[in-house]
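This report concerns only the one structure given below.
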Amino acid sequence: MINDRYKILKKIGVGRSSVFLCNEIKKSGYDLTIKILPSSVDKLEVDAFKEEFLTLKKLSHPNIVKVREYGTIVKVEEEEIALGIEAGSRYVTLNYVSGKNLDQYYNFDNENALVEIIKQICYTLFYLHSSNYIYYDLKFENLLVSDQEGKPFITFIDFGLTQNIKNIEDVSKRGTAEYIAPEILSEEEINHRVDFYSLGVILYKLIYKKFPATGNSELEIFKQHLEKEFEFSTSVYSDKLTKVVRKLLAKKPKDRYNNALEILLELDLTIDKTVFTQWEPAKTFIINDVVIAIKNFLSSKDSEGILVIKGPEGSSKTHVVEEIYYNFEDVILINKNISDTETMVWREILNKIFYTDFIYPKLDKPLKEKFEDVIQNHPHNLMENIKSIFIQVSNRLKFIIIFDDINSYDSFTLQILSDVIPIMVANNIKVIITENKEPTEHYVLSSNRQNLAINPIPESEVNTFLARTFSSDFPLEEIKNLIMTYSDLFPGAIYMFIKNLFFLGILRYARKKIILDTDEHKLELLQAGNNDIYEIRIKNTTSSERKIFEILSCFSGNISKSILHTLLNIDNHKVQMILKKLENYGVIVSAYDEEIQFTSSGLKNYIYKNIRDKNKKHLEIARRIRNSGINVDRIEIARQFELANEYEISYEVTKEEVKSAAIHSAFSYQRSLLNHAHTLPLGEKLLTEVKINLCKINYQLKEYNSCLKIMNELLDKQLGIDEDLELKIIKAGSLIGLGKFIEGVDQYYKILPELRDEKVKNKILVDIANAEYHLSKYDDSKEKCISIIDSENVLPETKARGYNLLGVVEFFHQNSIENSIPYFMKAIEIYKEQKLGFEEARTEMNIGNIYYLKGNYEKAEYHWQRSLHKNAAIGSIEQEATLLMNYGVYYSDRLEFEKAIQNYKRTLSIYNGLGDRNGQGLLLSNLGEIYLLGCEYDNAFSALSKSKQIFESIENKNELAEVLFLIAKYFYKLNDIHNFNNALSEYKNLIESISLSEKHKNNYEFLLLLKYLNSGNVQEYVSDFLNVIDIYYKLNEYHSYIVSNFLVIEFYLKNKMFREAGDRLEIDEFNHNIKNKPLFLAEKNYLLGRISYNDRNTKLKSSLDYFGKAYDEIKDKSITELTWEVLLALAEAYLDRGDMRKANEFIILSKSLIDHISRNIKSIRQRRTYLSELERKSAIEKLNVWGTFIK
């Protein structure tokens, strides 16, 4: 097995690469050819191998082998190793073509058979040459012949030497010795006629049973090609054919034919109309603004989120992302061909992602085993496992992933992507998606999207497109004029328009060249639009053919031949014959692909629209699928019944899918299924059932408002006793979840007498205990928890919750970490036993938080790390975000702002990926605060402004108030009094407009006192400030409590109240809360130094000792305003001691720092106000004087 996907059946060829017949195991019975390049080849060989694949991707012709996938072998089994297949080898898969090489097949003399072969070769060469390609390697080995309907059928299979004429930069010898044209050997100008010479060699060999040029070495053969006049003796073949061969082997290119169809005319053959009516223009790529925008997104380190490429059908979105895939390193492309009605698409996507050379080899053994378990066994906790895998991979590796035509994926796959794409975005994985339409209800990636619209191309690009698509033999100017007049100017639409020009006979071959036949009727068809052309395509189809394409049009995606065979109940051969005719009509892409695909969604929609009795057709399909037991996605079956107006059966099928989703913990997917069922015209009983199930799943997803809304719809319904009780429990739990603790507890107490199951009763009592904790009823909460833990009839998870809650109560009520930790550890022990990873991680985080609050940072970090590792294992990115935010606060307190910002930015990326607007606002607010503290004032204002916009848009008034408070502090720091007053007024208006907490009222009083401080009226407001401090302490707002204390001390110092300032610095509560916080410890020492410096009666140590201690606390830390203040104080202290060298050192540092901070304020006005603040102004004046004095 290769990459757990391809099973090797046998070796069928060898050359530059080894060629095998293989079976794609995920698509039973689907044989492919796989070409494998040895892993030992050099880069040039790898590039050539990939170039061959890319060439084949651009070509579409019935006689050219169809290429499928290019990749790298990363996993092989012993069976394949024995065949010489190695990991690291590049491979290409192609449609399997059974047959023989031309010389092996044609071992008899039959001019009619040979003419049929010549026709097909000439049609293929005409297509290639008209598309600007030279084949270069036309020889027996590269032409496979099979029998189809009693006739030989030619397939060109090797394109290793094929080149686009537009890309030819040299005339290096290219080809095989016996077949090579003289002009290549003589290094003259070359064109498509080199292929005619090779065709002449092939025909000569078939007629005369020998090559025209022979020899014992390549040099001898080359010499004969250049000089020898070949002999044409009589044969069993006609003179007409011999004459053609003679002309093909002419030494001078101009003496050969102009194009391949001239050869057929020379043989008096009629050109088959299907050569043109089925013409598929070769794919052409034009670099334009869209491509440049994508490249900028991928190359920029600052770009984040999801790049969404939007455009209508025909805008070439797929072609654009394919070019990105093939031209960038470490790109995974999930294309729309992966989406069908029978395979597990999510599994195919995972395979594509993990079996790449830049991911799979870099995974450790446990992660590989976990991945393989998910793929093969589909464990019950599927969603959790998938998220866990993506968290670990995204953390370790960086790559680009593209999801093409994401709207076409099934709803379960979309739900998985909605969970894992945010994980990738949060880890700076570049994600690109393409969309044809607006996202579906199942697709929730609505946030953090950068939309990139594909627009029509200008006339100049139309010219470029045509010149690259067709040779100069085509009437390019006339085609362009038709395009500009009748076509949409998207590349894909132009491509379809050109196909229609061929199909309608507007572009056709006459008088030995391609002409434009624009009679009035044909132009009317172009003007009428696609529907008339669609009708022409299908008007001559038989009832059997019509039946097939009508069935195909009834499915949301593509279906396989095996499904079609089962639905029709006819043999495979007949199905294949009909599909071939539909391919000839231009209805389907290829009769030989396992998946059947319409040539356009427009044609599919037209066919579906014209089905006379759609309900009957859908019902027939739905019943046959159900009765046959074929493997079709349940959602597709439900859809078929729904479109047949069999709504109750549709719901029954949906219920089966809901149950399956429950096994995999796919709760959001369950909700989306039930939401859709809710829209169906079901009977009252079934609709009530849907609502009850929706209520339950919303409760699991903590969508409490949705629960209560559905409850109201169920008020007047007659429910069973058990259902009624379960909904009452959900209602009470939802109220508590929304913070309506009193209402929730009252509701629970009404329910408790009705309960008989002690386990359920204890589960409810934990909820009540939790509510009582939030209501500060600590003793009641503790009593219930102990009762639950001691109960004999309690679920392990409930007991663990009881222990966890006891730990929280013990800490916050008794402030006892010693008593709380054992409870937490018992909870963790139970969670481990029950394999409840999320709860285990959350409890570890809570322990870390408690240690952090107690100032034990080492233990806090230890437990946070344990929580992070557990989160990675269980796939909880939301909890990871909470942890990272904790780390941000932790590093901020340690004055390690760079680390804090790094954690905040990563958390912001997570919230961006999740589309969590509230989380985005919180993180931007945190970033703004740390930038403010770190004197990055422009960054602070930018982050705070964005945070303000978010909270205004989601109407989160409480968090908006927090941001307004910080914005006011920002303007105060900059000494921008005008804007400070405006911010203060806005904050006041918000507080008065709604009922906000006491903290915000106290914040407002704090800001008012700052205003008065700035005005110089200090003394009369000291008592007000002390009151603000007391309130902060009572509210457990310790950071604000400390900052307010420092400001009061500043008041005292300005008024020479040194004893009061010193007393304030020795308050126990104050010193307890600044412990282990470098900034606050430094500020305390700095203030003690100022007291010592200014109060000659103090018993304190020398000011230099305190300033030195302050400097030691912050010298290796991030910059704050205190940094330059301490440096200034040290400079002054050393000046007083006469130590000019040390003083000068600190003068330079202090001056440089103030200059650095001010220069980073881009607004000239705000830079001025910042520098004009009295203390800064005084500091600058002192520094200038001291600097001059020392010089």
In degrees rounded to 10, the 0-90 angle between helix 998-1015 Cα long axis and the longest Cα principal axis of the chain is 70 degrees
Hey, what did region 275-511 get for relative contact order, percent, Cα under 8 Å, at least 6 apart?
35 percent
Pick out, in residue order, every one of the GluC sites (Glu not before Pro) in region 860-965 that is DSSP loop and has at most 11 other C-beta atoms within 10 Å; say none if there are none.
GLU955
Could you give me the ³J(HN,Hα) list for region 1032-1042, computed from phi with Karplus coefficients 6.51, -1.76, 1.60 and θ = phi - 60°, whole Hz, x at Gly and Pro?
4, 5, 5, 7, 6, 8, 6, 4, 5, 4, 5
Flagged as over-length at 19 Å C-alpha distance, from LYS957/LYS999; LYS10/LYS100; LYS1054/LYS1075; LYS58/LYS580; LYS973/LYS1109; LYS7/LYS35, the pairs are LYS1054/LYS1075; LYS58/LYS580; LYS973/LYS1109
Can you give the helix-only mean residue ellipticity at 222 nm for the chain, where every DSSP H stretch with n ≥ 4 adds -39500 (n - 2.57) and the sum goes over all residues, rounded to the nearest 500 deg cm²/dmol?
-19500 deg cm²/dmol
Nearest 10 degrees, 0 to 90: helix 1078-1094 Cα axis against the chain principal axis
40 degrees
Sequence gap at least 6, Cα distance under 8 Å: using those rules, report the relative contact order of region 135-285 to the nearest whole percent.
19 percent
If I model a spin label at GLU878 and ARG1137 as a point 7 Å from the Cα along the Cα→Cβ vector, what separation in nanometres do I get?
5.8 nm
Between HIS192 and residues 5 or more places away or on another chain, the pairs with built amide H atoms under 5 Å apart involve none
Crossing angle, helix 667-678 versus the chain [Cα axis fit, 0-90 degrees, rounded to tens]:
70 degrees
Using a/c under 1.5 as the rounded threshold, could you call region 142-214 rounded, prolate or oblate? The axes a ≥ b ≥ c are square roots of the C-alpha gyration tensor eigenvalues, and prolate needs a/b larger than b/c, oblate otherwise.
oblate
Quick one: order SER1158, SER995 by neighbouring beta-carbon count within 10 Å, fewest to most.
SER995, SER1158
Amide H of ILE332 versus every other amide H placed in the peptide plane: which residues, excluding those fewer than 5 positions away on the same chain, fall under 5 Å?
ILE400, ILE401, ILE402
Using the Kirkwood radius over C-alpha pairs as Rh, can you work out the diffusion coefficient of the chain via Stokes-Einstein at 37 °C, viscosity 0.692 mPa s, in µm² per second?
91 µm²/s
Cα extents of region 275-511 along the three principal axes, largest first, in whole Å?
68, 40, 35
With both bridge residues required to lie in the chain, what share of the DSSP beta bridges run antiparallel, to the nearest 5%?
70 percent
On a straight-distance basis, which aspartates and glutamates could pair with LYS11 in a cross-link, Cα separation under 18 angstrom, same-chain partners fewer than 8 positions away excluded?
GLU24, ASP31, GLU77, GLU78, GLU79, GLU80, GLU86, GLU141, ASP158
Using amide H atoms built 1.01 Å from N in the peptide plane, name the residues 5+ places from TYR106, or on other chains, whose amide H lies under 5 Å from its own.
none
Straight-line reach from LYS252: which lysines fall under 19 Å, measuring Cα to Cα and dropping same-chain residues less than 8 apart?
LYS173, LYS223, LYS228, LYS243
³J(HN,Hα) computed for each position of region 1143-1154 - Karplus, 6.51 cos²θ - 1.76 cosθ + 1.60, integer Hz, glycine/proline x:
4, 4, 4, 7, 4, 4, 4, 5, 5, 4, 5, 4
Could you work out the relative contact order of region 530-611? I mean the mean sequence separation of Cα pairs under 8 Å and 6+ apart, divided by the number of residues, in percent.
35 percent
Cα-based reach from LYS740 at 13 Å (exclusive), listing aspartates and glutamates while leaving out same-chain residues under 8 positions away
ASP767, GLU772
LYS209: net charge of surrounding residues, Cβ under 11 Å, Lys/Arg +1, Asp/Glu -1, itself excluded?
0
For the chain, the longest site-free run once chymotrypsin sites (Phe, Trp or Tyr not before Pro) in DSSP loop states with at most 16 other Cβ atoms within 10 Å are removed:
593-1191
Karplus-derived 3J(HN,Hα) from phi for region 1121-1131 (6.51 cos²θ - 1.76 cosθ + 1.60, θ = phi - 60°), whole Hz, x at Gly and Pro, runs 4, 4, 4, 6, 5, 5, 4, 5, 5, 5, 4
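Taken together, the values in this text are just the output of simple stated rules run on the coordinates, not laboratory data. Computed from a predicted structure; not experimentally measured. Because the Cβ atoms are built from the backbone with ideal geometry, glycine has one as well, and the counts that use them run over all protein chains shown.
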